[in-house]
Amino acid sequence: MIEKEKHILILSSWYPNKFAPFLGNFVQRQAQILADSYKTTVLYTVADPDLKDLDCSIAESENLKEILVYHPKGSNFFSRRKEQDKAFEFGLNLIEQVDLIHAHVIVPKGYLFVRAKKKFSCPLIVTEHGSYYRAEKRNSWSLKDKFILKYTRKHIDQLIAVSEFLKRDLTSFFVDKDIQVIPNPINTNLFVPKEKKPSTTKHFLHISTLDKALKNPIGIIEAVSLLKDKGYSDFKLTIVSDESTTELKALVDSKELANQINFGGPCTPEELVSYYQQSDAFVLFSAYETFSIVLAEAWACGIPTITTPVGIGFDLPHEMGIQVKINDSLSLAIGMEKILEGLTFDAEIIRTKALHYSDEKIIEELTSLYNKQFNG
């Protein structure tokens, strides 16, 4: 049963900006769908080096309130901590009652989640999206990170991982916690299939932040080069990003791939839809993903994916696309070649499986989890 009088407070360690735009969107999207069932408040604190004192922005629409508290950045660790804590306390004092806190990403603000839990004497649920639990990162945790993680862990009533892939990495640290898997929601009413015009040219799509270490866009370009060297020419790859593509464009020109690779972006979600719908396959060549919203969006549009075994692409069903090896451009080229040689997928099957990430499905799972806390 959905209890509409309940008040959910949403917190996050990351605020949507150029460093974490997608995570911010996940948090905001969750808040929007929760507001259909609960009174929902989102509280962010954001450092602003130009400020001398606190500044607050509040946006309200029906059942959803977003509180943004800007604060001076501070000149060292202690002053930064002091300014952030002051801003957070200011924001909390604008909220009268909370029945449950749903927070996102423990580092670096997890201790503030605990402060809010103690202030309102309510359950704390945390959804983890962070990639810092993977083996190669755990050894580089700072003392501050270790403290925040251990301190917050003791006060979490329910931990959520956004994928089974991430849950595997979380398990080694949260050995005493039950970890539920609830994916990020996508708008399956916006991302929908559309019949493509017949064409002899195959269209591939890649959308990412173009992070060299994690997204490996250079490896994707190398795969296209391998295909061209093998004699394939009647295909296109579109790379879409909010980030600068100047360096990659220069690489494309140097490899004489301008006829095969073009660039797009920045884009709104509404503008991204047509890119997916015009594609024959989506390419993800990441070294690590905790979820990968672009895979879910591609599937919602009925588009198969060529992906490394990361995030929700870790255990890829054969009817959803092709799995390739991490950091292996030849493996990626072979996967793309299968599409060029006529391998097809059933868009309806792909779309049906993607509905697992719909707003309706995610709110159903969250409501069930919330009610256990309310009634426990």
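The values are calculated or read from the model by the stated rules, or taken from the named source; none is laboratory data. Note that this is a predicted model, so its numbers are computed, not measured. So basically every Cβ, Gly included, is an ideal-geometry build from the backbone, and we count neighbours across all protein chains shown.
Just a few scattered comments:
- Among the residues of segment 168-183, those that are part of a helix (DSSP H, G or I) and either within 15 Å of the chain's Cα centre (by Cα) or not basic (K, R) (or both) comprise D169, L170, T171.
- Residue-level check: of (1) among the acidic types (D, E); (2) more than 25 Å from R168 (Cβ to Cβ); (3) buried (at least 16 other Cβ atoms within 10 Å of the Cβ), E89 misses just (3).
- Residue in segment 142-165 that is small (G, A, S), under 25 Å from the mean Cα position of the chain (by Cα) and farther than 23 Å from L366 by Cα present: yes
- When K325, K353 are screened for being within 23 Å of the chain's Cα centre (by Cα), under 18 Å from L227 (Cβ atoms) and not acidic (D, E), only K325 passes.
- Just one of the numbered conditions (1) hydrophobic (A, V, I, L, M, F, W, C); (2) free of Cβ contacts under 8 Å to residues at least 60 places away in the same chain; (3) farther than 27 Å from N371 by Cβ is not true of L124: (3).
- Failed criterion for D48 (all others in (1) surrounded by fewer than 15 Cβ atoms within 10 Å (Cβ to Cβ); (2) under 30 Å from I362 (Cα atoms) hold): (2)
- Filter pass, D242 being assigned by TED's automatic domain parsing to the domain that holds L340, acidic (D, E) and at pLDDT 95 or above: no
- Residue in segment 354-372 that is part of a helix (DSSP H, G or I), within 12 Å of D280 (Cβ to Cβ) and touching a residue at least 24 places away in the same chain (Cβ under 8 Å) present: no
- Positions within segment 102-125 being within 20 Å of the chain's Cα centre (by Cα), under 9 Å from L11 (Cβ atoms) and of a type in the set (A, V, I, L, M), in sequence order: A103
- Residue in segment 96-115 that is closer than 30 Å to D280 by Cβ, surrounded by fewer than 22 Cβ atoms within 10 Å (Cβ to Cβ), in contact (Cβ under 8 Å) with a residue 40 or more places away in the chain and in contact with a strand residue (DSSP E or B) (Cβ under 8 Å, 6 or more places away or on another chain) present: no
- Look at (1) touching a helix residue (DSSP H, G or I) at 6+ places or on another chain (Cβ under 6 Å); (2) among the polar types (S, T, N, Q); (3) at positive phi and you find that Q260 fails only one, number (3).
- The one condition in (1) outside any helix (DSSP H, G or I); (2) over 20 Å from the mean Cα position of the chain (by Cα) that G335 fails to fulfil: (1)
- The lone criterion from (1) in contact with a Cys (Cβ under 8 Å, 6 or more places away or on another chain); (2) over 18 Å from K6 (Cα atoms) left unmet by V98 is number (2).
- Strands (runs of 3 or more DSSP E) lying entirely in segment 184-286 (those with 3 or more residues that are free of Cβ contacts under 8 Å to residues at least 60 places away in the same chain): 235-240, 261-264
- Residue within segment 201-209 that is within 24 Å of T344 (Cβ to Cβ), of a type in the set (F, W, Y), more than 17 Å from the chain's Cα centre (by Cα) and surrounded by fewer than 19 Cβ atoms within 10 Å (Cβ to Cβ) present: no
- Residue in segment 96-104 that is in contact with a helix residue (DSSP H, G or I) (Cβ under 6 Å, 6 or more places away or on another chain), of a type outside the set (S, T, N, Q) and farther than 30 Å from E289 by Cβ present: yes
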